[in-house]
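Below: the structure, in structure tokens.
The values are calculated or read from the model by the stated rules, or taken from the named source; none is laboratory data. Nothing here was measured: the structure is a model prediction, and the numbers come from that model. Glycine gets a Cβ as well: all are built from the backbone with ideal geometry, and neighbour counts include every protein chain shown.
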Amino acid sequence: MIPACFQKIRVGLSGAICVSGWVIGLILSFSPMKSYSQNRFRVMEYNVENLFDCEHDTLKNDLEFMPGSVRKWTSFRYWDKLLKIARVIVAAGEDYVPDLVALCEVENDRVVRDLIGRSPLRETGYRYVMTSSPDQRGIDVALLYQPGTFRLLESRSIRIPSSQINRPPTRDILHVTGKVVTGDTLDVFVCHMPSRSGGQKESEPYRFFTASILKEQADSVMRRRVRPHLLLTGDFNDYPTDASIMEVLGAKAPFGTVEERGLYNLMAGRRKEGTYRYRGKWGILDQMIVSGLLLSEQAAFRTSYEQARILAFPFLLMEEERYGGAVPFRTYWGVRYQGGYSDHLPILLELSVRSE
């Protein structure tokens with residue numbers, strides 16, 4: 001059964017998929033993207049800005065994303081957003097979809113199932129794992145994975161005991177373990193750190209607390225693994241130079257000596273661009289942090305600083321009236337519907353795979 005919204009899709013002469021006359025430029029031929037590259041492995045992270053369904057969860061504060069709410073979040077807008085997210089994932093993969101896709105701000109299993117099973121991504125064979133957090137708005141994090149290149153071994157949610165510091169519940173951290181094609185074990189942590197609501201300084205202790213739990217969990221994996229391949233990614237709601245990342249996690253740019261069991265932020269350092277724009281200034285809130293072993297030139301499964309990048313596709317940007325310049329083409333500006341993609345730009349990390 002094709003959802004009613006998809007019945008409005010038609011294929012134009014240009015070879016693009018159109019929704020109500022608006023071309024979203026999805027690639028039509030998905031056959032090559034069912035396959036995977038033998039010599040590279042790609043990880044994408046994307047805060048998709050409030051991917052909610054249109055049904056009320058009585059245990060969550062999600063009423064603003066209802067058809068009758070001030071946002072007028074309708075079924076058509078929901079399916080249109082799924083199509084847009086699918087477009088970004090396809091564009092990020094170029095000839096192959098990313099092997100892993102970490103998503104922040106997804107409401108529940110239903111929206112992830114609809115994304116990978118009832119959008120054009122259904123042809124790519126993604127599977128997923130996700131958290132079920134006590135977050136008051138009901139948002140979670142998820143990881144899509146290609147079973148041909150990432151054999152899932154284990155996934156678990158790491159609860160943040162927010163009551164210890166008298167804070168409202170936040171998102172769980174998702175820890176996923178799998179085998180990659182080299183036979184190496186890869187541990188992935190997907191995070192959506194507490195927001196800056198109420199001010200950066202006022203909310204900073206909550207991110208310190210959450211980052212300390214992430215650090216403890218990462219260190220535990222480092223101690224257990226003979227060869228620790230760790231990737232920490234997500235929306236950290238802090239910039240690479242902020243204390244929660246540099247001091248609590250100890251994740252800095254990988255310049256100079258790199259230790260195999262250290263943590264290194266591939267979004268830190270010389271980068272001029274950003275993933276989020278606030279009051280006319282770009283900054284990087286979305287991070288790719290890896291263990292030093294993944295930066296070893298001798299490793300069969302490895303990456304480098306240059307292989308991490310921000311995906312600033314033109315269709316993800318629009319002109320900002322107040323400050324000028326480009327800004328992410330978001331779904332909402334306040335409560336005003338814009339019909340865009342997200343208020344964040346996605347990031348991508350490519351890892352090289354060498355047969356032993």
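Identify, please: which residue in the stretch 220-234 is in contact with a Phe, Trp or Tyr (Cβ under 9 Å, 6 or more places away or on another chain) and either of a type outside the set (A, V, I, L, M) or modelled with pLDDT under 95 (or both) and is, among those, surrounded by the most Cβ atoms within 10 Å (Cβ to Cβ)? Steps first, please.
Within the stretch 220-234, the subset in contact with a Phe, Trp or Tyr (Cβ under 9 Å, 6 or more places away or on another chain) is 221, 229-234.
Next, from what is left, pick out any that are either of a type outside the set (A, V, I, L, M) or modelled with pLDDT under 95 (or both): 229, 233-234.
Numbers: H229: 21, T233: 26, G234: 29.
Among them, the one singled out is G234.
If you go through the stretch 120-145, how many residues are out of contact with any Pro (no Cβ under 8 Å at 6 or more places or on another chain), touching a residue at least 60 places away in the same chain (Cβ under 8 Å) and more than 14 Å from N50 (Cα to Cα)? Matching residues across the stretch 120-145 total 3. A count restricted to the stretch 305-323 and to residues that are farther than 29 Å from Y78 by Cα and in contact (Cβ under 8 Å) with a residue 40 or more places away in the chain stands at 4. Pairing residues of the stretch 154-166 that are at negative phi and surrounded by 17 or more Cβ atoms within 10 Å (Cβ to Cβ) with residues that are among the hydroxyl-bearing types (S, T, Y) and assigned to a helix (DSSP H, G or I), at Cβ distances under 7 Å and at least 6 apart in sequence or on separate chains, gives I160/T210. A Cβ distance below 8 Å, combined with a sequence gap of six or more or placement on separate chains, defines the contacts here; from the stretch 195-209, residues that are at positive phi reach no residue that is hydrophobic (A, V, I, L, M, F, W, C). Across the stretch 54-77, what is the number of residues that are surrounded by 16 or more Cβ atoms within 10 Å (Cβ to Cβ), touching a helix residue (DSSP H, G or I) at 6+ places or on another chain (Cβ under 9 Å) and under 16 Å from Q136 (Cα atoms)? Of the residues in that region, 1 qualify.
Quick one: count up the residues across the stretch 189-206 that are crowded, with 22+ Cβ neighbours inside 10 Å and among the basic types (K, R). Even if it seems obvious, please write down each step before you answer.
In the first step, residues of the stretch 189-206 are kept if they are crowded, with 22+ Cβ neighbours inside 10 Å; the result is 189-194, 206.
Of the ones still in play, those that are also among the basic types (K, R) are none.
The number of residues fulfilling the criteria is 0.
In the stretch 167-194, the residues that are modelled with pLDDT under 95 form no Cβ pair under 6 Å with any partner that is part of a strand (DSSP E or B) and of a type in the set (K, R), whether six or more places apart or across chains.
Being more than 19 Å from V43 (Cα to Cα) and either outside any loop (DSSP other than H, G, I, E, B) or aromatic (F, W, Y) (or both) is the filter here, so list the residues in the stretch 157-179 that pass it. Passing the criteria: S157, I158, S162, S163, Q164, I165. Taking strands (runs of 3 or more DSSP E) as the structural unit, those lying wholly within the stretch 86-150 and holding at least 3 residues that are under 12 Å from the mean Cα position of the chain (by Cα) and not acidic (D, E) correspond to 100-106, 140-145.
Pairing residues of the stretch 239-253 that are closer than 20 Å to L293 by Cβ and without any contact (Cβ under 8 Å) to a residue 12 or more places away in the chain with residues that are of a type outside the set (V, I, T) and crowded, with 19+ Cβ neighbours inside 10 Å, at Cβ distances under 6 Å and at least 6 apart in sequence or on separate chains, gives no pairs at all. Considering N39, N50, the condition of being among the polar types (S, T, N, Q) and farther than 16 Å from Y341 by Cβ is satisfied by N39 alone. Within the stretch 278-298, one or more residues are more than 23 Å from D95 (Cα to Cα), among the aromatic types (F, W, Y) and out of contact with any strand residue (DSSP E or B) (no Cβ under 6 Å at 6 or more places or on another chain).
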